[in-house]
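What follows is a short report on a single structure.
The values are calculated or read from the model by the stated rules, or taken from the named source; none is laboratory data. The structure displayed is predicted, hence computed values, not measured ones. Reconstructed Cβ throughout: ideal geometry from the backbone, glycine too, with neighbour counts over all protein chains shown.
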Amino acid sequence: MDGRLEEKVAVITGGTSGIGEATAELFVAEGARVVICGRSVDKGQAVAARLGENCRFMTADITQEADIKRTIEDAVSGFGRLDILFNNAGGPTHGLVDAVEEEAIIYATRLLFSSAALAMKHAIPFMRAVGGGAIINNSSVAALRDNQGDLVYSAVKAALTHYSKLAGVRLGPEGIRVNCISPGAIATPIFWGGSARANTLSAEENDKKMQKLQANLARATPLKFSGLARDIAEGALFLASEEGRFINSHDLVIDGGRTSMFNEPA
């Protein structure tokens, strides 16, 4: 690796599996010190142990502001600074236009939108202290077109994308860049119940589900193969590194061309 994040400190929410885990692995390989957080203690500790002394795990529920604040403050106290925030944590939500429930709207907003907005709030003072930073919010192609997720999920992700762009305009003069990534057709355990469900299955069962998922998702892109968590991690690395220094208020779509398809795959 080229040490593109040497001396940088990053916080990655939802870092115990999937995109978050792949990003933590890549960031550490590129020289960063990383704090990952999530609710799965066993999984988080295993990831941190595998990645070594430059990765630490903190138990956190990102729907709770106190947990978000504690994670960021502990990252700074443990590693001395904060340069990168990747708001990656999320999960499926549900809501039908003619039967949506208030609780579903509140939960989706807390999980997918306010968690990122509040993490940004608590990260900004520490980024100001070091002269700038990079914030990346994980959005979705569901924010861009129909039939990529349920109605509530899609609408809340659209709000996150717009918020990221406006935040970049406001924070750019201080050297804090804000961008988002919109993944599409990425094979991760979220499709069969998220990391909690994946943790209950054997390695063989997870491998079988992943192979089937990749085959199904391959039909959803012009490239005819599915994206992997590493593909999103590479995008996050670009946005967090010096190579992305002139990228701000941008939505980086990483979907293999999915959102340019006019018709649904047969």
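When the stretch 101-125 is filtered for residues that are over 20 Å from the mean Cα position of the chain (by Cα) and surrounded by 16 or more Cβ atoms within 10 Å (Cβ to Cβ), only Ala104 remains. Within the set Ala108, Ala46, Ala75, Ala104, the sole residue that is more than 18 Å from Ala167 (Cβ to Cβ), of a type in the set (Gly, Ala, Ser) and touching a His at 6+ places or on another chain (Cβ under 7 Å) turns out to be Ala104. Taking the conditions (1) of a type outside the set (Gly, Ala, Ser); (2) part of a helix (DSSP H, G or I); (3) modelled with pLDDT under 95; (4) surrounded by fewer than 19 Cβ atoms within 10 Å (Cβ to Cβ) in turn, Asp2 satisfies each one other than (2). Against the conditions (1) closer than 18 Å to Gly91 by Cβ; (2) crowded, with 24+ Cβ neighbours inside 10 Å; (3) hydrophobic (A, V, I, L, M, F, W, C); (4) touching a Cys at 6+ places or on another chain (Cβ under 8 Å), Val47 satisfies every one except (2). If you check Asp98, Asp74 for being assigned to a loop (DSSP other than H, G, I, E, B) and either more than 16 Å from Asn179 (Cα to Cα) or not hydrophobic (A, V, I, L, M, F, W, C) (or both), only one passes: Asp98. The single condition among (1) of a type outside the set (Val, Ile, Thr); (2) modelled with pLDDT of 85 or more; (3) in contact with a helix residue (DSSP H, G or I) (Cβ under 9 Å, 6 or more places away or on another chain) that Trp192 does not meet is (2). One residue is enough: does the stretch 154-176 have a residue meeting the conditions touching a Leu at 6+ places or on another chain (Cβ under 9 Å), more than 28 Å from Met261 (Cβ to Cβ), of a type in the set (Val, Ile, Thr) and not in a helix (DSSP H, G or I)? Looking through the stretch 154-176, none of the residues is touching a Leu at 6+ places or on another chain (Cβ under 9 Å), more than 28 Å from Met261 (Cβ to Cβ), of a type in the set (Val, Ile, Thr) and not in a helix (DSSP H, G or I). Residues in the stretch 7-47 that are of a type in the set (Ser, Thr, Tyr) and either more than 14 Å from the chain's Cα centre (by Cα) or in a loop (DSSP other than H, G, I, E, B) (or both): Thr16, Ser17, Ser40.
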